[in-house]
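I have placed the structure first, in the form of structure tokens, so that the comments after it can refer back to it.
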Amino acid sequence: MARVYVKNDDKWIEVDDGAKLDILDGQCSVLFACKDGVCGSCLVTVLEGAENLEPPTDVEKTTLESLGAEPNQRLLCQVVIKGGEIKVEQ
Ligand code: FES
């Protein structure tokens, strides 16, 4: 079991190891739209636990670059958590 802390909501959400975090749509205040890694709506800053995430796909990388995202920012709809805990903020 892995856990995601969403700072905006001051809330921990439990997910399965290996889960793709588009499943958090509706469970937190992060804004999801396309869920395909292209619109940038779900851009979050990873505050802790980045080492617990799979690296971004080419699609996510392209969108992050076009958004001018910081290295610690990810598209939550594309993030896969390996396990453990992460903390994010939107
Ligand atoms: S919801 Fe569009 S990029 Fe994540």
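The values are calculated or read from the model by the stated rules, or taken from the named source; none is laboratory data. In this text the structure is predicted, and so the values were computed from the model without any measurement. When we count neighbours, we look across all protein chains shown, and the Cβ atoms used for this are built from the backbone with ideal geometry, even at glycine.
Here is how the numbers come out for the structure above:
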| item | result |
| --- | --- |
| Top-ranked residue of region 73-87 - restricted to ones that are in contact with a Leu (Cβ under 8 Å, 6 or more places away or on another chain) and farther than 16 Å from C34 by Cα, ranked as nearest to the ligand (Cβ to nearest atom) | Q73 |
| Selection from region 4-59 of residues that are on the phi > 0 side of the Ramachandran plot and acidic (D, E) | D10 |
| Verdict on T63 being outside any loop (DSSP other than H, G, I, E, B), within 12 Å of the ligand (Cβ to nearest atom) and at pLDDT 95 or above | yes |
| Single unsatisfied condition, N52 versus (1) within 14 Å of the ligand (Cβ to nearest atom); (2) surrounded by 15 or more Cβ atoms within 10 Å (Cβ to Cβ) | (1) |
| Any hit, region 73-80, residues being crowded, with 16+ Cβ neighbours inside 10 Å and more than 11 Å from the chain's Cα centre (by Cα) | no |
| Every residue from region 1-38 that is within 13 Å of the ligand (Cβ to nearest atom), in contact with a Phe, Trp or Tyr (Cβ under 9 Å, 6 or more places away or on another chain) and outside any helix (DSSP H, G or I) | D25, G26 |
